[in-house]
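The values are calculated or read from the model by the stated rules, or taken from the named source; none is laboratory data. Being a predicted model, the structure only gives us computed values, none of them experimental. All Cβ positions, even for glycine, are placed from backbone atoms using ideal geometry, and neighbour counts span all protein chains on display. For accessibility, only protein heavy atoms count, side chains too; no ligands or nucleic acids. Shrake-Rupley method; radii C 1.70, N 1.55, O 1.52, S 1.80 Å.
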Amino acid sequence: MIDFDATVLAAGQAAFGEAVTYLPGGGGALAISGIFDAHWQEEKFVSGMSVIETRPVLNVRESDLPRPPVQGELLRIRGRLYAIAEPPEADTVGDIRLFLRLANDAQAAIIPAAPAAP
């Protein structure tokens, strides 16, 4: 059987991934790679009407994390602080999709600001 994570997901992260700081609920920080889409769109049907929802999404490899992420944990992407907005969606081959929202003021206050670029 093919190791999809090692062959496909690793190559995708190498080609399209970018540096992300994962700030798990237990403290500390972990540098990981993620494929970020600030304007991911999903079509939903509500009362027979089509609704397009746009929100930030990050795809990460499950093997890059010490444990599965949970709703409310924080990530720093492109200098902005995001929170995981809803339960992560894991597929069966090692990819996890994280639906994000900008972190609120209370969350941002407990996380030190990213260092300024020289």
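Results, tabulated for the structure shown:
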{"quantity": "Among residues of segment 37-47, those that are open to solvent by 80 Å² or more (accessible area, probe 1.4 Å) and within 23 Å of ILE84 (Cα to Cα), counted", "calculated": "4"}
{"quantity": "Test: residue in segment 84-102 that is modelled with pLDDT under 90, open to solvent by less than 30 Å² (accessible area, probe 1.4 Å) and closer than 30 Å to MET1 by Cα", "calculated": "yes"}
{"quantity": "Hits in segment 20-45 (condition: part of a strand (DSSP E or B) and modelled with pLDDT under 90)", "calculated": "GLU42, LYS44"}
{"quantity": "Enumeration of residues in segment 27-63 that are under 20 Å from LEU75 (Cα atoms) and among the charged types (D, E, K, R)", "calculated": "ASP37, ARG55, ARG61, GLU62"}
{"quantity": "Residue list for segment 48-57, filter: assigned to a strand (DSSP E or B) and open to solvent by 30 Å² or more (accessible area, probe 1.4 Å)", "calculated": "MET49, SER50, VAL51, ILE52, GLU53, THR54, ARG55"}
{"quantity": "Residue check, VAL60 surrounded by 12 or more Cβ atoms within 10 Å (Cβ to Cβ), in a strand (DSSP E or B) and touching a residue at least 12 places away in the same chain (Cβ under 8 Å)", "calculated": "yes"}
{"quantity": "Complete set of residues in segment 1-36 that are acidic (Asp, Glu), open to solvent by 30 Å² or more (accessible area, probe 1.4 Å) and either in contact with a strand residue (DSSP E or B) (Cβ under 8 Å, 6 or more places away or on another chain) or within 24 Å of ALA85 (Cα to Cα) (or both)", "calculated": "GLU18"}
{"quantity": "Inter-residue pairs, beta-carbon under 7 Å, first over 19 Å from ILE96 (Cα atoms) and in segment 19-46, second open to solvent by 80 Å² or more (accessible area, probe 1.4 Å) and part of a strand (DSSP E or B), 6+ apart", "calculated": "GLU43/ILE52"}
